[in-house]
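The values are calculated or read from the model by the stated rules, or taken from the named source; none is laboratory data. All values reported here derive from a predicted model rather than from experimental measurement. Here the Cβ is made from the backbone with ideal geometry for all residues, glycine too, and neighbour counts use every protein chain on show.
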Amino acid sequence: MSHYSIAVIPGDGIGQEITPPAVAVLERLAEVIGTFSAEYTMLPWGSDYYKQHGVMMPDDGLETLKRYDAIYFGAVGSREVPDHVSLRGLRLKICQGFDQYANVRPAYLLPGIPSPLRDKQAGDIDLVVVRENTEGEYTGAGGRPHRGHPAEVAVQTAVFTRSGTERVIRYAFELARSRPRHHLVSVTKSNAQEFSLGMWDEIFEEVGADFPDVTTERMLVDAMAARLVRSPESLDVLVASNLFGDILTDIGGAIIGSLGVAPSGNINPEHDYPSMFEPIHGSALDIVGQNIANPLGMLLCGAMMLDYLGQPEAAQRLTDAVQAVTGAGHTLTPDVGGNATTTAVCDAVKAALG
């Protein structure tokens, strides 16, 4: 039996509400399937920690996290801490510090979850966005000279390296090759960003030569935003820069019924560092304390984490249990048309595990 050590960071907002019951589901899964065990260590980092200590995580936080096999992350963001402080001080610090360069965000329409798109049924939408996760537009390069004066200048520089671009594109090609349709779309705005994304286009063509079995397209991000709404069934795997991937995956969450059901993984494919798994919905401060946050995205993150750890059978068992609950339609949170609580949904998934 394999044993894993998991760092759990509930973080902010609804992250603190969905994470404990999701961990309980994972613990139940381990009992049922019997192929692994895991120890979950809760780390109280986030905006509450910042208000006490002036930092989102301890200075030696990355050294602490290195000891774990994976990180299970809830959400970040609060009204009391500026967004750039909370994001850079926790999530981005982990992603960049651990070279988690592939942000993998599936968008799959679950049974029993209505899509806002007309006539779309379960399985009609089944795509994955691979988002470059450590450089690009979110590198943090820039500054604001002459702050507060009429001559103030704000400069935010996107940084694209050949090595960083090539490795995430290669990861996306490998993922497309592993899926039945073998189809990959590169999404850029290289007609306007000719230097950075012009290089991206060139590297996409170069790497593509190693994958003759993968059908490719190149598309501008504005056209892709429309395509995601008009014909998402035509898409399989997308690869995009940090900013464009971030925006497009919110569209992906919307068309599968709710951001609350969309998981993601911040992956270091080489396993040099632990990878981190988090739902894409954020801290959702407007519903904090009501016990109505949708935990399905968090649970599906658990399935992604188990697959990453080498437990595909357990990952599939959890995914099947989630689909059994949504397909039954009796225990759904308000964001997808139900009236169940967060706790009730997690309890239903535990029961569906057997």
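Structure notes:
- On inspection, GLY338 passes the criterion of being small (Gly, Ala, Ser), over 29 Å from ALA172 (Cβ atoms) and surrounded by fewer than 21 Cβ atoms within 10 Å (Cβ to Cβ).
- The residue that is modelled with the highest pLDDT, counting only those in the stretch 100-135 that are in contact with a Phe, Trp or Tyr (Cβ under 6 Å, 6 or more places away or on another chain) and of a type outside the set (A, V, I, L, M), is ASP126.
- The listed residue being buried (at least 19 other Cβ atoms within 10 Å of the Cβ) and touching a Gly at 6+ places or on another chain (Cβ under 8 Å), out of ALA328, ALA293: ALA293
- The set of residues from the stretch 121-150 being more than 21 Å from ARG167 (Cβ to Cβ) and among the β-branched types (Val, Ile, Thr) comprises just one member, ILE125.
- Condition check for VAL221: more than 24 Å from ASN268 (Cα to Cα), of a type in the set (Val, Ile, Thr) and free of Cβ contacts under 8 Å to residues at least 12 places away in the same chain: no
- Any chance ALA24 is touching a residue at least 60 places away in the same chain (Cβ under 8 Å) and surrounded by 15 or more Cβ atoms within 10 Å (Cβ to Cβ): yes
- Extreme residue, surrounded by the fewest Cβ atoms within 10 Å (Cβ to Cβ), among residues of the stretch 91-125 that are among the β-branched types (Val, Ile, Thr) and within 18 Å of ASP236 (Cα to Cα): ILE125
- Put simply, of LEU43, LEU29, LEU87 the only residue that is assigned by TED's automatic domain parsing to the domain that holds GLN316, modelled with pLDDT under 95 and closer than 28 Å to ASP272 by Cβ is LEU87.
- Residue in the stretch 114-121 that is closer than 26 Å to VAL221 by Cβ, assigned by TED's automatic domain parsing to the domain that holds GLY245 and among the aliphatic types (A, V, I, L, M) present: no
- Residue match in the stretch 246-269 (condition: over 24 Å from ASP119 (Cβ atoms), β-branched (Val, Ile, Thr) and more than 23 Å from the chain's Cα centre (by Cα)): no
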